[in-house]
1. Across segment 87-108, what is the number of residues that are more than 12 Å from ligand 2 (Cβ to nearest atom) and open to solvent by 60 Å² or more (accessible area, probe 1.4 Å)?
2. Among L53, L84, which is near ligand 2 (Cβ under 10 Å from one of its atoms), touching a His at 6+ places or on another chain (Cβ under 8 Å) and not assigned by TED's automatic domain parsing to the domain that holds A327?
3. Of all residues in segment 124-163, count the ones that are closer than 30 Å to R176 by Cα and of a type in the set (D, E, K, R).
4. Step by step: first the residues of segment 126-140, then only those that are of a type outside the set (V, I, T) and in a loop (DSSP other than H, G, I, E, B), then the one that is modelled with the lowest pLDDT. Which residue is that?
5. List pairs: first residue in segment 300-315 and outside any loop (DSSP other than H, G, I, E, B), second residue open to solvent by 30 Å² or more (accessible area, probe 1.4 Å) and modelled with pLDDT of 90 or more anywhere in the structure, Cβ distance under 8 angstrom, at least six positions apart or on different chains.
6. Would you confirm whether any residue within segment 303-320 is more than 26 Å from S374 (Cβ to Cβ), buried (at least 21 other Cβ atoms within 10 Å of the Cβ) and within 21 Å of the chain's Cα centre (by Cα)?
7. Which residues, taken from segment 44-79, are within 14 Å of ligand 1 (Cβ to nearest atom), acidic (D, E) and at pLDDT 95 or above?
8. If only one of L159, L175 is surrounded by 15 or more Cβ atoms within 10 Å (Cβ to Cβ), farther than 18 Å from T126 by Cα, touching a helix residue (DSSP H, G or I) at 6+ places or on another chain (Cβ under 6 Å) and among the aliphatic types (A, V, I, L, M), which one is it?
Amino acid sequence: MKVDPPEHPTRSLHYDDAAYSDAGALDRELHRVGEVCHQCRRCLPLCPSFPKLFDLVDASPEEAAGVSQAGFEQVNELSFHCRLCYNHCPYTPPHDWDVDFPALMRRHQLARAQRDGIPLARRLTTRTDWIGRVAALAPALMNFANRNRLSRILMEKLLGIHRDWIQPTYHSQTLRRWFRGRGARSEGSNGRVVLFATCSVEYNDPETGQAAVEVLERSGVRVDVHYERCCGMPFTDTGDLDSARANAEANVAMLLPKVEAGALVLVPGPSCSLMLKEEYPRLLRSEAARRVAAATRDLMEHIHQLARDKQLPRDFKQRLGKVAYHAPCHLRAQNIGFRSRDLLALVADEVVLVDACSGVDGTWGMQARFHEASLGVAKKMLGAIDGAKHFLGNAERGVVEARLHAPGAVHARAGIHQHHLVGDERQEVARAKANVLG
Ligand code: SF4
Ligand code: SF4
């Protein structure tokens, strides 16, 4: 097959370059890559984007060349930016064909957002830090609204969030409040870190952050907890570059002095750590962003390093039995190996690696219009965890979630990620949960 090289390799273009959002250049690149994918078809099972693309190609007498702009927009809508197809593809740079499907989908999405604007409802759902701040003032009210059928139907109509999507629980005791009241308890014989709380751990899952602080301090690490605002990933998901940049700037300004003082930045969420590591330097193009990115580690990546350096105490109080560990897509995109799995192997009898997509990826899976497609993507993952004794749903919920070093008995409840309790699949997850509690 003869394939022309790209006019402008998408990955090397900056968001501000004229060619990045040039409609003609984008159209030609969509058709060029569409033709390569059509000939290859290796990514067919990965997500709904590829079956849609191949259906459109097969329905057109001119094959990929005949796919319309509207057709490519349907393909784009179904891409939830897991980035799996990048690692799957043999034609990524430096290959001459220079195929970077996720970067092309992002470019197409930003062009659409510039052309059509972003609906207010989508803008509101991406304000996870604002929502968290307000919810922490009256968590009982927010949790009631999130569980009440009537308000969920209203939410679906107004905000497009599917009524069966399990909304996270909010708490008045956020991670930072807890940490301010408690203070740091290690002098830092094994280095200093800043735990960048993330919206999800700060507002919805402070227990995981508390466990992280305890495990790190038991390992001699000096921990500070900081969180200026959301990392900005939901904004890049919707094409709101200005908001993504504003958040990146605020977070870099907050983190840089700590990095310059010698601290690493630990992030207990793979989408957020990917954002800091890869997207901040691209968004801001500043030395400050590059320095923060270079100092950023996924939380479990760092704890794994402590274990390798024999700095992680191993006086585990209880073995975990059989554990299913789900490797999130945005962690795999970081190419740092399966650190949570390796840590769990220290304390579990068997670790089942669930190497399948949850179909959530940021805010895509919660949207009513993608609900069915999201469940379809999650099916393989849910099937794989069935039968394991514990299901530890996400990177930040590995050894830390199990609180191996917490005072008293080991806290080994299942770390079932609420985001996986979706719609009709609840039965399957409930069975997995019953295995834990039984
Ligand atoms: S990034 Fe993920 S969702 Fe998007 S096209 Fe690739 S595999 Fe599909
Ligand atoms: S992204 Fe790469 S591996 Fe996937 S279908 Fe296209 S050319 Fe093939």
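1. Residues in segment 87-108 being more than 12 Å from ligand 2 (Cβ to nearest atom) and open to solvent by 60 Å² or more (accessible area, probe 1.4 Å): 2 in total.
2. On the way: L84 fails: touching a His at 6+ places or on another chain (Cβ under 8 Å).
Being near ligand 2 (Cβ under 10 Å from one of its atoms), touching a His at 6+ places or on another chain (Cβ under 8 Å) and not assigned by TED's automatic domain parsing to the domain that holds A327 holds for just one of L53, L84, which is L53.
3. 5
4. Applying the filter and picking the extreme gives R127.
5. H302/L264; Q305/R297; L306/N190
6. Narrowing segment 303-320 to residues more than 26 Å from S374 (Cβ to Cβ): 303-320.
Among the residues that remain, those that are also buried (at least 21 other Cβ atoms within 10 Å of the Cβ) are: 303-304, 312, 320.
In the following step, the residues that additionally are within 21 Å of the chain's Cα centre (by Cα) were identified as 303-304.
Within segment 303-320, one or more residues are more than 26 Å from S374 (Cβ to Cβ), buried (at least 21 other Cβ atoms within 10 Å of the Cβ) and within 21 Å of the chain's Cα centre (by Cα).
7. Result: E73, single match.
8. Details: L159 fails: farther than 18 Å from T126 by Cα.
Going through L159, L175 in turn, the sole match is L175.
The values are calculated or read from the model by the stated rules, or taken from the named source; none is laboratory data. Because the structure is predicted, anything quoted here is derived from the model rather than measured. Virtual Cβ from ideal backbone geometry, glycine too; neighbours counted across all protein chains shown. Accessible surface is based on the protein model in full, side chains and every heavy atom, while ligands, DNA and RNA are left aside. Shrake-Rupley method; radii C 1.70, N 1.55, O 1.52, S 1.80 Å.
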